[in-house]
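Have a look at the structure below before the remarks.
What follows draws every value from the coordinates through simple rules; no lab data is involved. Note that the structure is predicted; figures quoted are calculated from it, not measured. Neighbour counts run over all protein chains shown; Cβ positions are idealised from the backbone, glycine included.
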Amino acid sequence: LADFATYMTGDVYQALVAGSVLRLQIKLAEDWDQAALRTGTERGAACASAGELLAMLFSGRTMGLFGKMEQGQLGSYVLGMLLGAEISAGRQAFAGESVTLVGSQAWVDRYACACEVLQLPCAAGPANAAFSGLRAIGARLAAIK
């Protein structure tokens, strides 16, 4: 491991779908909609600034209002925008050729789809890598005290 970055994408997504005006249009589906996630990923990656992303996120509401996307697809679409923006930012910060995805299988699958859309090679890390890494960091910090 040479370097890593973490983003609050999951937290921001949860805040948007549960506590923002977007919640009025989004019907969270059991399964994610791959086509909607892919569309959102492309749009999020195209945003050149945080302000542009914020404006684009509002399309999650208007797409539902005008019947351009089903309510069950909107959650995947909004998540795709966030993932696209995150991956684009990561590419600017880290010029590596591939990424290793760690987290729950559901999140790894979504990130893998977004990476495919943006032609970023990726591989899934071990299922317990995130927990093991955090535990190792905690142990090292405790030893420093």
message: Restricting to segment 7-54, name every residue that is out of contact with any helix residue (DSSP H, G or I) (no Cβ under 7 Å at 6 or more places or on another chain), outside any helix (DSSP H, G or I) and surrounded by 11 or more Cβ atoms within 10 Å (Cβ to Cβ).
response: Met8, Ser20
- prompt: Looking only at segment 98-145, which residues are in contact (Cβ under 8 Å) with a residue 24 or more places away in the chain, among the hydroxyl-bearing types (Ser, Thr, Tyr) and within 20 Å of Leu79 (Cα to Cα)?
  reply: Thr100, Tyr111
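Yes/no matrix, rows are residues, columns are (1) surrounded by 14 or more Cβ atoms within 10 Å (Cβ to Cβ); (2) over 18 Å from Arg43 (Cβ atoms); (3) of a type outside the set (Lys, Arg):
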{"residue": "Phe58", "(1), (2), (3)": "no, no, yes"}
{"residue": "Met69", "(1), (2), (3)": "yes, no, yes"}
{"residue": "Met81", "(1), (2), (3)": "yes, no, yes"}
{"residue": "Arg91", "(1), (2), (3)": "yes, no, no"}
{"residue": "Tyr111", "(1), (2), (3)": "yes, no, yes"}
{"residue": "Ala129", "(1), (2), (3)": "yes, yes, yes"}
{"residue": "Ser132", "(1), (2), (3)": "no, yes, yes"}
{"residue": "Ala136", "(1), (2), (3)": "no, yes, yes"}
